[in-house]
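Written out below as structure tokens is the structure these notes cover.
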Amino acid sequence: MRLHLPSTVLTITMSVFPVSQAADPSDAFPLVTRRVQGWVDRGYYKGCSVWIAQGDRVLYQKSIGDHSPHAEIYIASAGKWLGAAAMLAVVDEGKLSLDDPVSKWLPEFAGDPKGRATVRQLFSHTSGYFPYQPQDNPPDNYQTIAESVAHLLPLPQRCAPGERFEYGGLAMQVAGRIVEVVTGQTWEEAFQQCIAGPLGMTRTRFTPVDPGHIPVIGGGAVSTLSDYARFITMIADGGVYQGRRVLSEKSVDEMLSDQVRGAIVQREELVERFRGHTHNGVYGLGMWREELDQANRATIISSPSWAGTYPWIDRTHDIRGVLIGHVDTSVAGKAKFSGFWTSPVLTNLVRAQLAWDMPSSLANYEQGVAPAQGADLAYEAAGAGEPVILLHGHSFDRRMWDPQFAALARHHRVIRYDLRGYGLSDKPVEGRNFRHADDLAALMDALKIKKAHVIGLSLGGFVVGDFIALHPDRILSATISAGSVYTGPGSHELTGDALIERLAAVEQTRKQGIKELKSRWTEGLLQGCGHHANRLRGPLTEMIREWSAWQPLHVEPPHLLGRRAIELIRHGKPAFPVLWIAGANDRYEKSVEEYKAVLPQMKLVVLEDAGHLSSLEQPDAFTDAVLRQTRGDVPRPATMPAD
């Protein structure tokens, strides 16, 4: 699927950017606008700017809050990418090799185990050095890079070079000192000559973050949106900017290649935490390899920072993007918001927007982001009339409802959204409890919906059950498919032996690899689809491949009520219509019996030639059953046996 950009696309000249065409910034990526606007509205940023291009064409440029494209911002770890480029430019000049050991250029490291680390390892967090200056050592208020290296020299080695990946940046100071020795320039002079000057980055420099400190190469750069856009363009174009070669093609390839090289990568590094990948090739030189293709080539590369700036390149779609801003820690800290962990969602939002089929025949179509407690929920809506809200199953996202969305929107205002932890919505945080049912209520509040018909399949069915228990006053009717009384992870707090067992299971999943888990899960679901499997293989595989797999990689906080839902429903005695849609090939009898005991008004429809994924296996019959429920049509179609 491809998004057709709005008819309001403009062709204008933007001299501050390295490209010549731009789309209307309000229309091209509304999900990006609304997500970033939400961060500003909550006070996480006072303001920030975003730039997105595809090839030589700017698709999006927007400043939100108190910000402008020319605002100079401390970009923290996003400067690592700039530093790596400067170092590689010196390599291109033949003055330095990536495989030179530290001791070759800094004689004070001779005989020191740290002297065996190579320049390559210094910029890939595999040197074996401390990642940060330990607090119990002399304060790092040095005035020169030479002095900073002198402070680092007495520190013990953490491990052998190449043994372990530890993200930080202290070792980059040593690489910077080597660049000074081989060039005869200060680090800042070398950076300006090799990178900033050729790219016209007139407002980018390495500068002290605090008074009295030498610039830290791993986190002490200042830049602007317009400057960093030039840098990203050069990297995306293989080292060339406006016809001039800044870095050799070989150096760009080295930057993007796996430089971890088999070193141990600890749990919860960026790629696993955000992308759900458990591979080891997570880092190149100064940048993360967020996503890999089958040949181990990086397809998404980035350099996120704790301060909030996030530059990235999506090589699959030739997308280049920069979010630049500085997190207000006094607000973000209280909310446990991290730009480092959160900003990579922008790559997903852009990809989704490019792939989204915008149904031209649907009235009132919109895409948006709704705030919930501690998370943003991405949704899609269309149509008019009584609201219908669709809740997807585990490992899926809102696209699961493709067969129903347009059909239901002819009669209703239909909303489908990504549950927390899935699709384009935010991920949960380990140790922070939430409920999917409360997220649904927050979504309704954001969209000013008092009551709705709620429809859920599998995990979505569990959530509908919880919603009946917790928010019965918000329901017009409820439809559950392939649900049950859920008692697994996330239905209660894990302690003691149960917690130990869960941690062991998470570690086993990591060792086996999430790719293997996704493959087994996909094939299991397809096997249950019978002769529908060939038709459904593509959509299921795509959704599960893009699923972050946050759930099997974490101790899930309680987010479902489990058996407590039945007791609350029994006590509340809700009287609105309830429908259960079951696939004849699925196991549904016990769950139906348990719910029927507390919801005597519940009706059962069984779809023949369908299993667990009845909405996808028998889409027309499923839609027909839902419409009869939501429109108060009592007679059942002949294809569905009455209960």
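The values are calculated or read from the model by the stated rules, or taken from the named source; none is laboratory data. Keep in mind it's a predicted model, so treat the numbers as computed, not measured. FYI the Cβ positions are ideal-geometry reconstructions off the backbone, even for glycines, and counts take in every protein chain you see. Areas reflect the complete protein model, heavy atoms only, side chains present, ligands, DNA and RNA absent. Shrake-Rupley method; radii C 1.70, N 1.55, O 1.52, S 1.80 Å.
Of the residues screened, D418 is not one that is surrounded by fewer than 17 Cβ atoms within 10 Å (Cβ to Cβ), out of contact with any Gly (no Cβ under 9 Å at 6 or more places or on another chain) and charged (D, E, K, R).
Does E556 satisfy the criteria of being within 17 Å of L459 (Cα to Cα) and modelled with pLDDT under 95? So E556 passes the test.
Taken as a whole, the structure places H559 among residues that are open to solvent by less than 60 Å² (accessible area, probe 1.4 Å) and within 29 Å of R520 (Cα to Cα).
Limited to segment 197-222, what total is found for residues that are open to solvent by 20 Å² or more (accessible area, probe 1.4 Å), in a loop (DSSP other than H, G, I, E, B) and modelled with pLDDT of 95 or more? So the answer is 3. Summed over segment 533-556, residues that are open to solvent by 20 Å² or more (accessible area, probe 1.4 Å) and not in a loop (DSSP other than H, G, I, E, B) total 9.
Scanning segment 305-318 for residues that are of a type outside the set (D, E, K, R) and within 16 Å of the chain's Cα centre (by Cα) yields S305, W306, G308, T309, Y310, P311, W312, I313. When we screen D620, D609, D624 for residues that are modelled with pLDDT under 95 and open to solvent by 30 Å² or more (accessible area, probe 1.4 Å), the only hit is D609. Please work out which residue is most open to solvent (accessible area, probe 1.4 Å), limiting yourself to segment 568-601 and to residues that are free of Cβ contacts under 8 Å to residues at least 40 places away in the same chain and closer than 15 Å to D466 by Cβ. Ranking the candidates gives H571 first.
Restricting attention to segment 90-120 and to residues that are open to solvent by less than 10 Å² (accessible area, probe 1.4 Å) and in a helix (DSSP H, G or I), the residue that is farthest from A146 (Cα to Cα) turns out to be V90. Scanning segment 285-313 for residues that are outside any strand (DSSP E or B) and in contact with a strand residue (DSSP E or B) (Cβ under 7 Å, 6 or more places away or on another chain) yields a count of 7.
Out of the residues in segment 28-69 that are open to solvent by less than 10 Å² (accessible area, probe 1.4 Å) and outside any strand (DSSP E or B), state the one that is modelled with the lowest pLDDT. Once the filter is applied, the top-ranked residue is A28.
Could you pull out the residue among L247, L285, L225, L270 that is within 21 Å of R57 (Cβ to Cβ) and open to solvent by less than 10 Å² (accessible area, probe 1.4 Å)?
Just one listed residue meets the conditions, L225.
Residue count for segment 406-422 under the criterion of being part of a loop (DSSP other than H, G, I, E, B) and free of Cβ contacts under 8 Å to residues at least 60 places away in the same chain: the result is 3. Within segment 326-364, the set of residues being open to solvent by less than 50 Å² (accessible area, probe 1.4 Å), hydroxyl-bearing (S, T, Y) and assigned to a loop (DSSP other than H, G, I, E, B) comprises S338, S343.
Just one of the listed residues (E523, E507) is at negative phi, open to solvent by 60 Å² or more (accessible area, probe 1.4 Å) and without any contact (Cβ under 8 Å) to a residue 24 or more places away in the chain, namely E523.
Could you look through segment 121-143, keep only residues that are within 14 Å of R177 (Cα to Cα) and surrounded by 14 or more Cβ atoms within 10 Å (Cβ to Cβ), and pick out the one that is modelled with the lowest pLDDT? Per the criteria, the residue is Y142. Pairs are defined by a Cβ separation below 7 Å, a sequence spacing of at least 6 or placement on different chains, a first member in segment 294-306 that is on the phi < 0 side of the Ramachandran plot, and a second member that is polar (S, T, N, Q) and not in a loop (DSSP other than H, G, I, E, B); the pairs so defined are I300/T347; S303/S77; P304/S77; S305/S77; W306/S77.
K80 fulfils the conditions (1) buried (at least 24 other Cβ atoms within 10 Å of the Cβ); (2) assigned to a loop (DSSP other than H, G, I, E, B); (3) of a type in the set (K, R) except for a single criterion, (2).
When G490 is tested against (1) under 30 Å from K573 (Cα atoms); (2) at pLDDT 95 or above, just one condition goes unmet, and that condition is (2).
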